[in-house]
Amino acid sequence: MNKNTNRTKFAVGYFLTKSPDDPGSFAELARKFAPRLREVYFPWPGLSNARAKKYEPDNEARIVEDLKYCRTHGMKLDILANATCYGEKAFTEEQRLQITGIIRHLDKIGLYPEIVTTTSPYIAKLFKKTFPDIEVRASVNMRLRNTLALEYLAPLYDSYYICRDVQRDLPTFRTMAAWCRNHGKKLCMLANSGCLRNCPWQVFHETMLSHKFSDALQEMVNMNLNLELVCNCIISQEKRFADFLRCTWIRPEDIHVFEPELETIKLSTREAKFPLEIVEAYVNGSYDGNLLRLMDPIHAFGFRPYRIDNKSFPADWVTSGIAGKCAENCMHCGKCEQLLATLLKYDVNHDTRMDGFSLVNRFYLRAPEKKSISGLSFSDGKGQQP
């Protein structure tokens, strides 16, 4: 366990399973980890957010029960109004009445939130005017990558999620953290995003997610169209596996480098395949498994039959520059491919079931003989094919 990690700074996302008794349910996550977490961020039925997953009116009782459990165990509540697009409802009286009604309802049932995370300047101003005691936080979807962006938002926002694309660049990260500290603001980070760094389709993708992404995909299938997102196209190719190393995630073992400067460390668990596994890895500051399993979106399926052995990363992964500024303007120098040779392991049990209710799945590590990935060779050390 990494003693340098402040476990009270983690935030987890609320999610529903079919039953509260399902293995891997949020209720189980809360029972196991709530005393070690700082916040829970949650959608509310009817209020648009970054995910368009539909919550039925019957779900409210379960949501209330779970959130009350979190509150009684010291977790702050962060309500989500972080959709990339609000369509025709944006900046309307209808939206104002909806939001104020929801907050007053939450107040009546003992769930008045401490925080709202939003992409909308209208919603931010609404909270500043109507609910000034609620902290207004800038969503990670706003892609704030420099102090000028923080300055522009300062009148309306109290805290900010740093843009994932620059958070590994330690000089930029520390400059933004210092600005927040000097201006009475708070800096936050999303730790386990599987998104490509500087993805040009990210806004498009996030907009689809907030507007029933699955429905849009099905409509494209019906029209015989095949929409392939950049991350799926690239990382599922063996010759491009090294692009995963150029992404934006922070390993559990490296959180301690960033934690002193941060108010909150967000863990993406709302639609992750292995939410309990993710939380356990980060609160412990250590993970002995396939790093791909901690990501949201997850890329473990595209890597099969390989895995990324988390314990094989070098101690200077964060400070060496490969993880940070190096990947901002990648010149394909070969450093990532060289490192990949030490991280990529062959999983002889790659057909093992992967579902949202699994816990840590321990793999046997063996690489096939002379298997070429991006021009690199891997061997099981015995000269035998699996």
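FYI, it's all coordinate maths here, none of it is from the lab. Please read these numbers as outputs of a predicted model, since none were measured by experiment. Don't worry about glycine lacking a Cβ; one is built from the backbone with ideal geometry, like all the others, and counts go over all protein chains shown.
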Everything considered on the Cα gyration tensor (a ≥ b ≥ c; rounded for a/c under 1.5, else prolate if a/b is larger than b/c, else oblate), region 234-328 must be described as oblate
Contour minus Cα-Cα span, GLU93 to ARG181, at 0.36 nm per residue, comes to 28.1 nm
Final fewest-first order of ASP309, ASP347 on the 10 Å Cβ neighbour count is ASP309, ASP347
Of 159-165, 239-245, ordering from highest average Cβ density within 10 Å down gives 159-165, 239-245
Rounded to one decimal in nm, the spacing of the 7 Å Cα→Cβ label points at LYS125 and ASP58 is 4.2
Each label sits 7 Å from Cα toward the beta-carbon; between MET331 and SER19 the label points are separated, in nm, by 5.9
Once phi for every residue in region 259-265 is put through the Karplus expression 6.51 cos²θ - 1.76 cosθ + 1.60 (θ = phi - 60°), the whole-Hz ³J(HN,Hα) values, with Gly and Pro written as x, are 3, x, 8, 10, 7, 9, 10
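Using a Förster distance of 25 Å, how high is the FRET efficiency between GLU65 and THR8, based on the Cβ-Cβ distance and rounded to 0.05?
Working: r = 23 Å, r/R0 = 0.93.
Calculated value: 0.60.
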At 25 °C and 0.890 mPa s, the Stokes-Einstein diffusion coefficient in µm²/s for region 1-155, with hydrodynamic radius from the Kirkwood sum on alpha carbon pairs, is 148
Between the modelled labels at ASP288 and GLN338 (7 Å from Cα along Cα→Cβ) the distance in nm is 3.0
Sorted by chain and then number, the residues having a modelled amide H within less than 5 Å of the amide H of GLU114, at least 5 places away or on another chain, are LEU77
